[in-house]
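Have a look at the structure below, then the notes.
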Amino acid sequence: MGLFSRKKKNKQRNKAKARASRKKNRDNLSLEEKHQIWIERWGRDTYDPPWNMHTFPDNIKSLIDGGTIPSGAGIVDIGCGTGFLSAELSAMGHPVVGFDFAEPAIVKAKQKYGEESETLSFYTADATKPMPFKGTFRVGIDRGTFHTVPFVSRYDYVKSISPLIETDGCLVILYALRIAKRLNTGKSDQTGKIFRDHLEDLFAPDFVIEKFEETGIMKHSDEDEPAFLIVMRKK
């Protein structure tokens, strides 16, 4: 092996180690530490991550077309970011409340879509704590918030979100496959089953899983990242 090839291999190995170290550090962060990171990121004027929506997601559209999200149903957008999905759903005739724990994101949402209207409002709120608004909703949509909640805080998420959903309403969750794989410590490819068991353990007895399928979430370059689409029905 030539000197150039060895240097290239060493560089690739060091990059892989650095990525693994960053991933391990992220996994060990507390909820408050994660909050501070997101607040700092959304506070940047130029922050526009690849998964920040600028077009309406096909997997949510399919739930509307199929009747899972009924026409005119009230919706709570959990982790709404700068409000694109909330505003689009409101324009379709849904009363929508969007919330996010990153206040800079909510400031941007209000600047873009207005402070409040009859069908659209935004709040700074933490999905693991009591809400600053009242009311229940036919549908809850979580497109990438639940999978950022540390495992030790997930019962708090359920305790906070469950009362927001009406009886016979539904909670829609999009959850990245790479994060679901962290539950699978074995060698066999049982990630789907293990993750589904994890959800059933967390959300029972209030919800029953109605849909569990693979889809895509968070646009990266020209491809969606693999994810699970889960629809849970409130008992």
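Would you check if Ile194 is hydrophobic (A, V, I, L, M, F, W, C), out of contact with any strand residue (DSSP E or B) (no Cβ under 9 Å at 6 or more places or on another chain) and not in a loop (DSSP other than H, G, I, E, B)?
When the stated conditions are applied, Ile194 passes them.
Taking segment 159-184 only, how many residues are surrounded by 18 or more Cβ atoms within 10 Å (Cβ to Cβ) and either among the charged types (D, E, K, R) or touching a helix residue (DSSP H, G or I) at 6+ places or on another chain (Cβ under 8 Å) (or both)?
So the answer is 8.
Being out of contact with any Lys or Arg (no Cβ under 6 Å at 6 or more places or on another chain), of a type in the set (Gly, Ala, Ser) and either buried (at least 18 other Cβ atoms within 10 Å of the Cβ) or assigned to a strand (DSSP E or B) (or both) is the requirement here; does Gly216 meet it?
When the stated conditions are applied, Gly216 passes them.
Within segment 185-195, can you find the residues that are surrounded by 13 or more Cβ atoms within 10 Å (Cβ to Cβ) and under 21 Å from Asp224 (Cβ atoms)?
Hits for segment 185-195 are Thr191, Gly192, Phe195.
Consider Pro150 carefully, then state whether it is modelled with pLDDT of 95 or more and touching a helix residue (DSSP H, G or I) at 6+ places or on another chain (Cβ under 9 Å).
Against the criterion (modelled with pLDDT of 95 or more and touching a helix residue (DSSP H, G or I) at 6+ places or on another chain (Cβ under 9 Å)), Pro150 does not qualify.
Tell me, please, whether a residue that is touching a residue at least 40 places away in the same chain (Cβ under 8 Å), more than 17 Å from Leu174 (Cβ to Cβ) and surrounded by 13 or more Cβ atoms within 10 Å (Cβ to Cβ) can be found in segment 48-67.
For segment 48-67, residues touching a residue at least 40 places away in the same chain (Cβ under 8 Å), more than 17 Å from Leu174 (Cβ to Cβ) and surrounded by 13 or more Cβ atoms within 10 Å (Cβ to Cβ): absent.
Just to be sure before I move on: is Asp168 part of a strand (DSSP E or B) and either more than 25 Å from Pro95 (Cα to Cα) or out of contact with any Phe, Trp or Tyr (no Cβ under 8 Å at 6 or more places or on another chain) (or both) in the structure I sent?
When the stated conditions are applied, Asp168 passes them.
The values are calculated or read from the model by the stated rules, or taken from the named source; none is laboratory data. The structure displayed is predicted, hence computed values, not measured ones. Because the Cβ atoms are built from the backbone with ideal geometry, glycine has one as well, and the counts that use them run over all protein chains shown.
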